[in-house]
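Notes for the one structure printed next.
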Amino acid sequence: MAGKSLQAISKRFNTPVIDAEVTFGNPQISNAGYEPTIIGNLFSGALKNGQRTLPLKGETGVYVIQIKTSTKAPATTNFQAEKDQMIQGLANQVEGQAMGGLRKKAAVVDNRKLSELGVRL
């Protein structure tokens, strides 16, 4: 397939050429679906504008991707929103693990079904 255009490859395999905008934060390709491996390959930094990938196996198909243009993310010095999101996620995780540990340690038995049936222990 070296030297062939995307249109020629598309015609040979009877598949459409999709013009999609992708971002690192969203592993979706429009009209193709969830493709984290493909998105990861695109952001590996190896491709420059105008270059094309070798065939890449994804979740829903095989892709040959050509980079039209790439835009660097704007530089930021304030990461408070990301920090808050990570802290909240960790807090929820710790809370869930703590409750699970307490239930296990206390050997809690759920007798609600027995109560609904009128059985008394």
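Just to check your reading of the model, which residue among GLY45, GLY25 is small (Gly, Ala, Ser), without any contact (Cβ under 8 Å) to a residue 12 or more places away in the chain and on the phi > 0 side of the Ramachandran plot?
GLY45
Would you pick out the residues in segment 30-53 that are over 24 Å from GLU82 (Cα atoms) and either surrounded by 10 or more Cβ atoms within 10 Å (Cβ to Cβ) or of a type in the set (Phe, Trp, Tyr) (or both)?
Passing the criteria: SER30, ALA32, GLY33, ILE38, LEU47, GLN51, ARG52, THR53.
Scan (1) of a type in the set (A, V, I, L, M, F, W, C); (2) closer than 22 Å to SER10 by Cα; (3) over 23 Å from the mean Cα position of the chain (by Cα) for the single condition ILE39 breaks and write down its number.
(3)
Would you mind listing the helices (runs of 4 or more DSSP H) fully within segment 17-120 where at least 3 residues are within 25 Å of GLN7 (Cα to Cα) and at pLDDT 85 or above?
The helices (runs of 4 or more DSSP H) meeting that bar are 36-42.
Across segment 1-16, what is the total count of residues that are in a helix (DSSP H, G or I) and either free of Cβ contacts under 8 Å to residues at least 12 places away in the same chain or under 20 Å from PRO74 (Cα atoms) (or both)?
6
The values are calculated or read from the model by the stated rules, or taken from the named source; none is laboratory data. None of these values were measured; they are calculated from a predicted model. So basically every Cβ, Gly included, is an ideal-geometry build from the backbone, and we count neighbours across all protein chains shown.
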